[in-house]
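Step one of this worksheet: look at the structure below.
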Amino acid sequence: MTEHKADLRGIFIPEILFKLDIEISRLEDGDILSSLIDDSTAEDWIIRWAHKNGHDVLKTEKVATGINIEIKKGGYLLD
């Protein structure tokens, strides 16, 4: 399991989801992507996107520079 980071500040939904999809596709199953966002509307969208695509949201945390969301890549899709 490896941790990766994505700084997604300054972009908004839906572009955040497109970039997350690209970033997470580069990872191995079980790897963790830590994403920093500053779009306050994106948190719920990201959680739904992760669940729908078979990934686990490990943590969401408000930090001084935005919201940090940790996603563990899963190897399956949910219908």
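Tell me which strands (runs of 3 or more DSSP E) are completely within the chain and hold 3 or more residues being aliphatic (A, V, I, L, M) and surrounded by 11 or more Cβ atoms within 10 Å (Cβ to Cβ), or say none if there are none.
Details: elements: 3-7, 32-37, 56-63, 66-72.
Result: 32-37, 66-72.
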Complete set of residues in the range 25-37 that are free of Cβ contacts under 8 Å to residues at least 40 places away in the same chain and in contact with a Leu (Cβ under 8 Å, 6 or more places away or on another chain) | SER35, LEU36, ILE37
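Here's the yes/no breakdown for (1) closer than 18 Å to GLY74 by Cα; (2) touching a strand residue (DSSP E or B) at 6+ places or on another chain (Cβ under 7 Å):
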{"site": "GLY10", "(1), (2)": "no, no"}
{"site": "PRO14", "(1), (2)": "no, no"}
{"site": "ILE24", "(1), (2)": "yes, yes"}
{"site": "ASP29", "(1), (2)": "yes, no"}
{"site": "ALA50", "(1), (2)": "yes, yes"}
{"site": "ASP56", "(1), (2)": "yes, yes"}
{"site": "THR60", "(1), (2)": "yes, yes"}
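A short reminder: the numbers here are calculations on the coordinates, not readings from a lab. Since the structure is predicted, the reported quantities are computational estimates derived from the model, not experimental observations. When we count neighbours, we look across all protein chains shown, and the Cβ atoms used for this are built from the backbone with ideal geometry, even at glycine.
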